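Below is one structure, written out as structure tokens, with a few remarks after it.
Every read-out reported here was derived from the displayed coordinates using simple, explicitly stated rules and does not represent laboratory data. These numbers were taken from a predicted model, which means no experiment stands behind them. When we count neighbours, we look across all protein chains shown, and the Cβ atoms used for this are built from the backbone with ideal geometry, even at glycine.
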Amino acid sequence: MDQLSLFENEGYIFPEDLLEFEPNFITQLEADQLFDFLFREVPWQQTSKKMYDRTVLTPRLTAWYGDEDVDYQLAGKMIGVNEWLKPLKMLKERIEKRFHCTFNSVLLNLYRDNNDSVAWHRDRESELGNRPVIVSVSLGQARYFDFRKVEDHSKRYSLLLKHGSLLLMKGNLQEIWEHRIAKSTQKMSARINLTFRLINEQKRNNI
């Protein structure tokens with residue numbers, strides 16, 4: 001595989017033009033406080049989706065926050081948006097300053113235990129535009145974030161996302177790689193994942 005680099009702190013190999021990783025972006029104390037606040041204050045909901053001839057519950061809880069009190073359409077579904085919580089807004093601004101990018105929304109996922117997961121997918125919704133920059137901040141239980149190449153599933157890599165870590169996805173990552181959080185046979189506690197995104201304003205409410 002071309003253009004490989006080593007994240008020396010973690011010992012994993014990834015394309016350097018597609019990912020940036022900071023294992024200790026926020027301190028242990030900050031991560032503890034933010035996890036406790038979000039776990040308690042966020043109006044977590046479980047969504048459902050159509051799979052073949054049946055409807056199934058998504059194996060995690062979610063919430064969405066954004067700049068305006070409107071709905072966004074992602075993956076063909078309208079998602080209700082909550083007004084920014086102060087700690088989320090402050091974290092967004094900190095990330096924007098550090099990486100010189102702009103976000104107007106964040107999707108929160110709560111993985112309650114080892115049975116919660118997200119299947120292989122790419123973040124390619126039209127609202128995100130071409131070559132989106134997406135920043136993922138992890139809180140709580142460390143979970144493996146798996147990648148596999150779309151055209152060759154034998155090309156796989158995993159990165160352990162620990163409490164307080166940040167992963168930035170960019171370039172054409174969403175075109176050529178899929179990612180997931182897999183279920184585990186190992187007992188696990190709760191994990192909260194924050195994915196900061198820039199929604200294309202011209203794509204909002206287009207249906």
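For the residue pairs Lys49/Lys92; Lys50/Lys162; Lys49/Lys162; Lys97/Lys170; Lys49/Lys170, alpha carbon separations beyond 23 Å are given by Lys49/Lys92; Lys50/Lys162; Lys49/Lys162; Lys49/Lys170. Pairs of C-alpha atoms in the stretch 87-158 farther apart than 14 Å represent 72 percent of all such pairs. Working note: Karplus 6.51/-1.76/1.60 with θ = phi - 60° gives the stretch 185-199 the couplings 7, 8, 5, 9, 8, 6, 10, 10, 10, 10, 10, 7, 9, 10, 7 Hz, where Gly and Pro are set to x.
In a DSSP loop and with at most 11 other Cβ atoms within 10 Å, the GluC sites (Glu not before Pro) in the stretch 148-202 are Glu151. List the trypsin sites (Lys or Arg not before Pro) within the stretch 136-207 that DSSP assigns to loop and that have no more than 12 neighbouring Cβ atoms inside 10 Å. Sites meeting the loop and neighbour criteria: Lys187.
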